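Reading through the structure tokens given below for one structure.
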Amino acid sequence: MQYAFVLGRVYTLSLAELLQVLGRLGIEIKIVDSSHEVVIVESAQPLPFEKLQRELGGIVKILKVIDMVSKRETDSINFALQNYFKPAKIKTDFLKKYSGKIQFGVSIYLLDPTVLAFGEPKRVGMFIKRALQDDQGVRLVLPEFNSLALASVVVTKNLVLEKGAEICVIAGKTKLYTAKTLSVQDFEDYGRRDYQRPIRDELQGMIPPKVAQSMLNIANVKSGEAMLDPFCGIGTIIQEGVLLGYKMLGSDINHRAIAGSETNLEWFRNRYKIPKGKYHVEVADARAVAPLVENLVKVGAIKGISAIVTEGYLGPMYGQFPSMDEITKNFHDLEVLYKDSFQEFLKILPSKGRVVICIPAYKKSREYALFPSLDFITDLGYNLVTAISPNVLSKFSFAKLTERGTVIYDRKDQIVAREIVIFEKI
């Protein structure tokens, strides 16, 4: 059976997370087709799509592929599908049984950016609507603002999956895949975990819950084990780790950050009915965090730390691109902090234990000023792990890694972006 995963905006991070989680769960897949929008896979076993959707921060939708339809390069999408959407086909393979007014949506995802698809969702949608015209009450939901695909918020608010289906076409030059949406990302819950927390720190910047979830998944740790965030700030990575089933330990040198973290995590625990004992936060310098971990091991709170996932201190925030002298100074100052911290991490990490960390990358237009070298960390006794292994990366021509195999996460108009780096203790 075939499935399609719709990737998030930072599609390389989404892909790296997806491959890591499927591998950790022992789910063997074959890559069927892919683009920066969507990845189609084949699996011999049904995928736990509800669990995957809930736990994959970088996956927007999960689809079940129904068919593959051949087309000529010169054919439009609607022309190639003009005889495909028969009433019996639609009702059997796409629509769920529903006694009220049927609501369905149409989305198109591209495997090749040269495929002409403007206006195609409406044309395909009208094919389907006409085929269903004998049914009492049919409503077509189309993408907004000339988009080709329905946003998850539109699918959710229009109850498309509950009252009918989102019918998707994944379009290449010479083939079309038809698919139906199984699940969409719960945008409301991610927003709640981000914006409804009592304490926020807009000045310093905060890692989004989706990105925190992706980083935790890339750490490759089994559920129930413990992870550490030694720059925990107001607790985003801690809460996301708990939701993924990990025991989480957080520390920060800033007393106000820990106070904010405790307030947020108490709100989180009550809101999501989290049992006590799933997390612990306290004031500690990342360069001297080993005693904190060792004390928790002594009292039996944890057996040890399996990995470290953190957004390291990124240095000053900027409203405009800083001078290269400033950037060089920031990198020099952070190198001292990171080197001492990674030396400390060696004391508590197991062999092959990972550190997944955000470090600063300064963005100007489409270029980034990165740390010139990370040898000061690898020389301590770490390997630098590529976000997607080279043999797998060759299957995805669209993936964008830096020369050292890391992923850049940024937002529009953001000067200090995040370079997500994976280290592994030798």
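One table, with the values for the structure above:
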quantity	calculated
Candidates PRO372, PRO360 - the one that is within 21 Å of the chain's Cα centre (by Cα), at pLDDT 95 or above and within 16 Å of VAL416 (Cα to Cα)	PRO360
Index of the failed condition, VAL21 passing every other in (1) assigned to a helix (DSSP H, G or I); (2) in contact with a strand residue (DSSP E or B) (Cβ under 7 Å, 6 or more places away or on another chain); (3) not small (Gly, Ala, Ser)	(2)
Boolean, LEU150 is in a loop (DSSP other than H, G, I, E, B), at negative phi and not assigned by TED's automatic domain parsing to the domain that holds ILE348	yes
Matching residues in region 71-93 - criterion: being farther than 12 Å from ALA171 by Cβ and touching a strand residue (DSSP E or B) at 6+ places or on another chain (Cβ under 7 Å)	TYR84, ASP93
Qualifying residue in region 172-184 (condition: in contact (Cβ under 8 Å) with a residue 12 or more places away in the chain, among the small types (Gly, Ala, Ser), assigned to a loop (DSSP other than H, G, I, E, B) and more than 30 Å from THR263 (Cβ to Cβ))	yes
Pair list, Cβ < 6 Å and 6+ apart or interchain, from region 1-27 residues that are outside the structural domain of LEU176 (by TED's automatic domain parsing) and among the hydroxyl-bearing types (Ser, Thr, Tyr) to residues that are part of a helix (DSSP H, G or I) and surrounded by fewer than 19 Cβ atoms within 10 Å (Cβ to Cβ)	none
Counted residues, region 371-422 - those being charged (D, E, K, R) and touching a residue at least 24 places away in the same chain (Cβ under 8 Å)	6
Matching residues, region 282-308, being under 16 Å from MET227 (Cβ atoms) and either under 25 Å from the mean Cα position of the chain (by Cα) or part of a loop (DSSP other than H, G, I, E, B) (or both)	ALA284, VAL289, ALA301, ILE302, LYS303, GLY304, ILE305, SER306, ALA307, ILE308
Filter result for GLU202 (among the acidic types (Asp, Glu) and modelled with pLDDT of 95 or more)	no
Long-range neighbours under 9 Å by Cβ, at least six apart or interchain, first residue more than 23 Å from ILE348 (Cβ to Cβ) within region 246-266, second of a type in the set (Ser, Thr, Tyr)	ASN264/THR236
Matching entry among ILE62, ILE66, ILE27, ILE40 (being under 22 Å from LEU116 (Cβ atoms), surrounded by 14 or more Cβ atoms within 10 Å (Cβ to Cβ) and β-branched (Val, Ile, Thr))	ILE40
Among the candidates GLY172, GLY125, residue that is touching a Leu at 6+ places or on another chain (Cβ under 7 Å), within 28 Å of LEU52 (Cα to Cα), at pLDDT 95 or above and small (Gly, Ala, Ser)	GLY172
Enumeration of residues in region 310-341 that are in a helix (DSSP H, G or I), farther than 23 Å from SER365 by Cα and of a type in the set (Phe, Trp, Tyr)	TYR338
Condition met for GLN53 (of a type outside the set (A, V, I, L, M, F, W, C), in contact (Cβ under 8 Å) with a residue 24 or more places away in the chain, part of a helix (DSSP H, G or I) and surrounded by 15 or more Cβ atoms within 10 Å (Cβ to Cβ))	yes
Residue satisfying condition, being assigned to a strand (DSSP E or B) and surrounded by fewer than 18 Cβ atoms within 10 Å (Cβ to Cβ), within set ASN383, ASN391	ASN383
Single residue of LEU47, LEU52, LEU111 found to be assigned by TED's automatic domain parsing to the domain that holds ILE170, in contact with an Asp or Glu (Cβ under 9 Å, 6 or more places away or on another chain) and modelled with pLDDT of 95 or more	LEU111
Residue in region 114-133 that is more than 19 Å from LYS175 (Cα to Cα) and in a loop (DSSP other than H, G, I, E, B) present	yes
Residue list for region 28-38, restricted to those being free of Cβ contacts under 8 Å to residues at least 60 places away in the same chain and either in a helix (DSSP H, G or I) or in contact with a helix residue (DSSP H, G or I) (Cβ under 7 Å, 6 or more places away or on another chain) (or both)	ILE29
Some residue of region 270-278 being among the charged types (D, E, K, R), within 27 Å of VAL184 (Cβ to Cβ), touching a helix residue (DSSP H, G or I) at 6+ places or on another chain (Cβ under 7 Å) and part of a helix (DSSP H, G or I)	no
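Matching residues to (1) outside the structural domain of GLY353 (by TED's automatic domain parsing); (2) farther than 21 Å from LYS51 by Cα; (3) hydroxyl-bearing (Ser, Thr, Tyr):
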| position | (1), (2), (3) |
| --- | --- |
| GLY224 | no, no, no |
| LEU228 | no, yes, no |
| GLY235 | no, yes, no |
| GLU240 | no, no, no |
| SER251 | no, yes, yes |
| GLU262 | no, yes, no |
| LYS278 | no, no, no |
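The values are calculated or read from the model by the stated rules, or taken from the named source; none is laboratory data. In this text, all values refer to a predicted model and were calculated from it rather than measured experimentally. Every residue, glycine among them, receives a Cβ derived from its backbone with ideal geometry; neighbour counts consider all protein chains shown.
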